[in-house]
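Down below is the structure, laid out as structure tokens.
The values are calculated or read from the model by the stated rules, or taken from the named source; none is laboratory data. The shown structure was predicted, so the numbers you read here are calculated from the model rather than taken from an experiment. Cβ coordinates were reconstructed from backbone atoms using ideal geometry, including for glycine residues, and neighbour counts include every protein chain displayed. These area figures cover heavy atoms from the full protein model, side chains too; ligands, DNA and RNA do not enter into them. Shrake-Rupley method; radii C 1.70, N 1.55, O 1.52, S 1.80 Å.
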Amino acid sequence: MSDVIDDDKMVALNLAGHRLPLPPEVARLVRAQRDQCQARWHLDQTASTTPWLFPGQEPARPLGATYLNLKLRRHGIAPLASRSNARLALATDLPASVLADFTGTSIHNATRWTGYARRDWLDYIASRTPT
């Protein structure tokens, strides 16, 4: 839960050292989840030294990705589709090498995504070449 940054003006998530500001409605939900999980964690601090934002059945472990995916889908949120849309949007604005580094994927995967976006980066490469 230390990755939830709440300074009373905005709520953000710390993802790999980057602050991701949350929209007001999502921030409200994250605050509620954090408060509920902190209360549960205080009841059983012996299980874990760090409270999880999405604790599993055992307080010392986080909620599994598969189960979290199922819960999100029950609320009409399709994580895989959202992730794919976000990656495609990035691929239209970033060269494959930057996309691979930014998303933590292979250059092969990033090249495929930039191919889907059908963006030509020759002008970008030319502008980066020292004269």
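Looking at T66, T111, T49, just one residue is farther than 21 Å from A12 by Cα, open to solvent by 60 Å² or more (accessible area, probe 1.4 Å) and modelled with pLDDT under 85, and that residue is T49.
Of all residues in the stretch 115-131, none that is part of a loop (DSSP other than H, G, I, E, B) and of a type in the set (D, E, K, R) has its Cβ atom under 8 Å from the Cβ atom of a residue that is exposed (fewer than 11 other Cβ atoms within 10 Å of the Cβ) and at pLDDT below 70, 6 or more apart or on another chain. When A117, A89, A126 are checked against the criterion of being of a type outside the set (S, T, Y) and under 23 Å from A16 (Cα atoms), A89 stands alone in meeting it.
Could you grab the pairs with beta carbons closer than 6 Å, sequence gap of 6+ or different chains, first residue in the stretch 1-14 and of a type outside the set (A, V, I, L, M), second one not in a strand (DSSP E or B)? Qualifying pairs under 6 Å: N14/D3.
Criterion applied to A60, A100, A81 was being among the aliphatic types (A, V, I, L, M) and within 22 Å of Q33 (Cα to Cα), and the one residue passing it is A60.
Yes/no per residue for (1) modelled with pLDDT of 85 or more; (2) surrounded by 13 or more Cβ atoms within 10 Å (Cβ to Cβ); (3) farther than 30 Å from L122 by Cα:
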residue	(1), (2), (3)
P55	no, yes, yes
A60	no, yes, yes
L72	no, yes, yes
L80	no, no, yes
A91	yes, yes, no
L99	yes, yes, no
